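Following: one structure in structure tokens, then a few remarks.
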Amino acid sequence: MRKTQRLAWTAALGCLTFASLAIAGGHSGGAPKGDAKAGEQKISACTDCHSAADFAGQSEAQINSAIKNVAAGGVAGHPDVGQVSDQDIADLAAFLASANQ
């Protein structure tokens, strides 16, 4: 097998391995997974105005979307939340969703 063919097969095998990991959940390529315990440590900034009851019945994905909307300035009259990472948002959403269970 020539060197260029070997390189092509190696690249193809690498792509297949990456795709199988993504399908199996080894790498989502998307938003970070939320950690409810970490979210509990970060929630104090929100509890000045909100309680877990404000999010009752909402899924983790719905809460995540709502927090992203606030962080982007998409809620009129809501105070600026400053810099919030995707991991912070995922952690807060995981914590608030766990309170719904």
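Karplus-based coupling profile of segment 69-77, in residue order and whole Hz: 4, 5, 4, 7, x, x, 10, 4, x, with θ = phi - 60° in 6.51 cos²θ - 1.76 cosθ + 1.60 and x standing for Gly or Pro. Model label sites at Asp54 and Asp80, defined 7 Å from Cα along the beta-carbon direction, differ in position by 1.9 nm.
Model label points for Ile43 and Lys68, set 7 angstrom from Cα along the Cα-to-Cβ axis, are 2.2 nm apart.
Using only the Cα atoms of segment 36-98, build the gyration tensor, take square roots of its eigenvalues as a ≥ b ≥ c, and label the shape rounded, prolate or oblate: rounded if a/c is under 1.5, else prolate if a/b is larger than b/c, else oblate. It comes out rounded by the Cα gyration axes.
Bear in mind these aren't lab numbers, they're just calculated from the coordinates by the rules spelled out. Keep in mind that what you see is a predicted model, and the values were worked out from it rather than measured. Because the Cβ atoms are built from the backbone with ideal geometry, glycine has one as well, and the counts that use them run over all protein chains shown.
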